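To start, the structure itself, in C-alpha cells.
Only the coordinates and a few stated rules stand behind these numbers; no lab work does. Keep in mind it's a predicted model, so treat the numbers as computed, not measured. Counting neighbours? That spans all protein chains shown, and the Cβs are built from the backbone with ideal geometry, glycine included.
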Amino acid sequence: MRQSFAQSMTDILGEDTRHVLLLGDIGVFGFSKAASNFPGRVLNIGILEQSMVGVGAGLALSGHIPTMHTIAPFVVERAFEQIKIDFGYQDLPGNIVSVGGSVDYAALGCTHHCPGDISLLSTIPGIQILTPGTGHEFSSLLRQTASNDSLTYIRISESSNAISSETTFGRGSLIKTGTRACIVCFGPTRDATMAAAAGLDVSVLYFTSVQPFDFEIVAQNVSSGKILLVEPWYQYSVVGNIIQALPGRPLEILSVGFAKKFRTKYGKASEHLCDAGLDTIGIRKAIVDLIDA
Amino acid sequence: MTPEERMRSLKARILDCASSASEGHVPSALSILDILWVEYAFVMSEQSEKGLAVDRFILSKGHASLGIYAVLEALGIIPTHWLDTFGSFDSPLGGHPDRLKVPGIEASTGSLGHGLPVGVGLALGNRLAGDNSRVVVLIGDGEANEGTTWESAAIATHHELSKLILICDFNHSGDRALSMGSIEQKFRAFGWTTAIIDGHNHEEIYGALTVERQSEPLAIIANTIKGNGIPSMENNPAWHHAFPSRDQLSQLKEELR
C-alpha cells in the first residue's frame, strides 16, 4: 500500500499542479524523484505535525490541494485541533494519508499505536474517512477523492487482502450472501472475515469508506438483525453508522476490534490482531457465538 | 474626520457593540485597533489603488474580532447593520471571525496558535502560484506561548518567506502566566528580520509595514496597551472578557481619548 501511495501520489502531482505534498519527515525516500520533478510541491516540512496541518490549510487557502503524510498518532491525535478547525471548520480541501494506524507499529509501543483515529476523526463534520484493503484499492480511492472539495483521511495499512475489489468511493459491497447474520468488515480485514465466514449461512458486507457510509447497502442486506462488525481499530467505532442505517429495527450488534485499553505488549501486529480476536479464528468464533445466541 | 476622531469613533462603536451584545473582548480589540486601521485603511487601500497585490491579513488572535469588525464597517467592507447584530444567533459576526461569513476575513480563528502556520502555508502557496500578495499575521504575546508559533517561525525561515509579516501585539497580557521575555530577540534568533514599534503610533506602524525587505520573513513587535484609550480599562485584567453595562458605557465613553 505504501508503494501504491508513492506511485499514485506522484502521478497526481504530475497531472495537476494544484497538488502539494507535505511530508512529516516520513516516506521521504519514496518521493525523492517526485521532489526533483515537482520543485516546491513536495516538501519535507519537518517533525511538527500540528504546524504541518496548519501549513496545509494555508496552502488550501491559496488554491492548492495539500496532502499531508506521516504516522497516524501524530497527524491525527496531536494535530486533531488543526484538522478540526483549519480544515473542517474552514471547509478547506485536502488529504491526510497516514501510516501506522492501530497496531501496525506494534513493537514500538503505545506511543506509536493509533486504534482511535477512525472514531476521533468521525467527529469532524464533512470529513471523508477511507480504509482501503489493498494497494490497488488505495490508489483507486486516492484518485477518486484527492481533488474533490473535501478533507479526506486515508489509512495505509501494513496488511493487505490478497484480492482487490473494484472500489467505489462511498459505497460498500456485498461479497457473500446468507441469512442468519450480517458481517460488516472494513479494509484489511476482508480476507480473514471471508475465511472465517466460509461455510456459514451469513452475509458479508465489505467497506472501504467509513465516511461517507453506504447506509443503503446495510439496510438492504440485514435480514436477521444480527450484525457483527469486524473493525481493525477500536471496537464499536462505526456502530452509529449501522444504527443509523436501520432505524427502528431490533438489532443485536457485536464488534470484533481492539478493546479500549492501552496495548502495552510489543511483538508483531499479527499477534495483536490475534489477541484482539481479529484473526480468522477469532472472527469465526464471534460469528458462531452470534448466530447461536 | 481627524485620525484621532476616527480612532475615538471606532472605540466608541466597539464599546456600544460589546455592551449591547454582552459579548466581546474589548481591551484586546483596543490593543490592536491602530494596527488594524493602518493596515486596512492605508496599506491595503494604497495597494489596491495602485493595482498592486493586496495583503492577505490573518487575525490570529480572533477574540479581538470587534476591532476588525469595526474597521471593516468603517471602510464599507461589511454593512453597518451587521455590527448591530454582533454575537446574536443569526449574526455573521461572532466573538471570533468566520472567513466563510465575513468579507475581509482570510481565516477563521479563535483557538490560539493557528494563524501563523496557516499564514506560512498561504505564503508558500502564493509563491507557488506566482501571487505577489504579502501575508500579514497578527498574534498576541500570550499567543506566542503556543509551540506552533516557533515551529512556523522555523518553517518560514527555512523556506525564505520574504512576503510573510508577523505582527506581535505585545500588550503584556501573557506576563501573568508565562512571560516570553524578548519576543523580538527570539524571532531574530529564528532568522527573521525584526522591528520594534509603538503599536499605537500610525506613522511607525505604516513605516514598519511598508519597509523593503530581502529574503527573510519580518516580525514586527508592536508595543501596545491593552484597553488603549480608556484609562480605567487600560491594563486592567478585570475587563478582559467583560462587557460594559449601560451606566459603565457612558462613563467609559467619557474617558475615551
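Pairwise Cα distances in segment A:210-280 exceed 14 Å for 63 percent of all pairs. Taking a straight Cα-Cα cut-off under 21 Å and skipping sequence neighbours fewer than 8 places away in the same chain, the lysines within cross-link reach of A:Lys84 are B:Lys61, B:Lys101. Taking the DSSP bridge list for chain A and keeping only pairs wholly inside it, about 15 percent are antiparallel. Shielding of peptide B:108-118 by partners, expressed as the average count of other chain Cβ atoms within 10 Å per residue Cβ, is 6.
Loop-located chymotrypsin sites (Phe, Trp or Tyr not before Pro) in segment A:112-196 (DSSP state other than H, G, I, E, B) with a sparse environment of at most 15 neighbouring Cβ atoms within 10 Å are absent. Once you reduce segment B:172-223 and segment A:151-218 to the center of their Cα atoms, the two points are 55 Å from each other. Note on segment B:3-255: with charges restricted to the Cβ of Lys and Arg (+1) and Asp and Glu (-1), its dipole about the Cα centre is near 360 debye. Only helices enter this figure: runs of n ≥ 4 DSSP H residues, each worth -39500 (n - 2.57), summed and divided by the residues of the protein assembly as shown, yield -10000 deg cm²/dmol at 222 nm to the nearest 500. Within a straight-line Cα-Cα reach of under 18 Å, B:Lys50 can be paired with the following aspartates and glutamates, leaving aside sequence neighbours fewer than 8 residues apart in one chain: B:Glu39, B:Asp131, B:Glu212.
Under a model in which nothing but the beta-carbon of Lys, Arg (+1) and Asp, Glu (-1) is charged, the protein assembly as shown shows a dipole of about 1220 debye around its Cα centre.
With the cut-off at 1.5 for a/c, could you classify segment A:2-155 from its C-alpha gyration tensor as rounded, prolate or oblate?
Rounded, because the longest to shortest axis ratio a/c is under 1.5.
Note on A:Ala293 and A:Asn44: the extension gain reaches 84.3 nm, defined as 0.36 nm multiplied by sequence separation minus the Cα-Cα distance. Give me the angle, in degrees from 0 to 90, between the Cα long axis of helix B:26-37 and the longest principal axis of the Cα atoms of chain B, rounded to the nearest 10. So the inclination is approximately 50 degrees. Against the main long axis of the alpha-carbon atoms of chain B, helix B:3-21 sits at an angle near 70°.
Calculate the tail of P(r) for chain B: the fraction of all Cα-Cα distances greater than 30 Å, expressed in %.
Every Cα pair in chain B considered, those over 30 Å come to 22 percent.
Sparsely packed loop sites in segment B:83-190 (the chymotrypsin sites (Phe, Trp or Tyr not before Pro) outside DSSP H, G, I, E and B with at most 15 other Cβ atoms within 10 Å) comprise B:Phe89. FRET efficiency for the A:Arg2 to A:Glu81 pair, using the beta carbon distance and R₀ = 41 Å, is estimated at 0.90. Segment A:47-73 and segment A:19-40 have Cα centres lying 13 Å from one another. Springs between Cα atoms under 10 Å define the GNM used for chain A, and in it the highest mean-square fluctuation of A:Asp11, A:Asp91, A:Asp214 occurs at A:Asp11.
So for segment A:172-292: antiparallel DSSP bridges make up what percent, rounded to the nearest 5? Close to 20 percent.
Considering only A:Ala107, A:Ala57, A:Ala197, the mean-square fluctuation computed in a Gaussian network model of chain A, springs between alpha carbons under 10 angstrom, is largest for A:Ala107.
Once the gyration tensor of the Cα atoms in chain A is diagonalised, the equivalent ellipsoid follows with semi-axes of 33, 19, 17 Å, ordered largest first.
Peptide A:43-53 has a mean of 5 when you count, residue by residue, the C-beta atoms of other protein chains within 10 Å of its C-beta. With Cα atoms as the point set, the radius of gyration and Dmax of segment A:1-80 evaluate to 11.8, 32 Å. Can you tell me which of B:Gly104, B:Gly95, B:Gly147 moves the most in a GNM of chain B? Springs connect C-alpha atoms under 10 Å apart. Per the Cα network of chain B with a 10 Å cutoff, B:Gly147 tops the list.
Taking the Cα centroid of segment B:70-103 and of segment B:226-257, what is the distance between the two, rounded to the nearest whole Å? Centre-to-centre distance over Cα atoms comes out at 22 Å. Which percent, nearest 5, of DSSP beta bridges in segment A:2-155 are antiparallel? Here the share of antiparallel DSSP bridges comes out near 5 percent.
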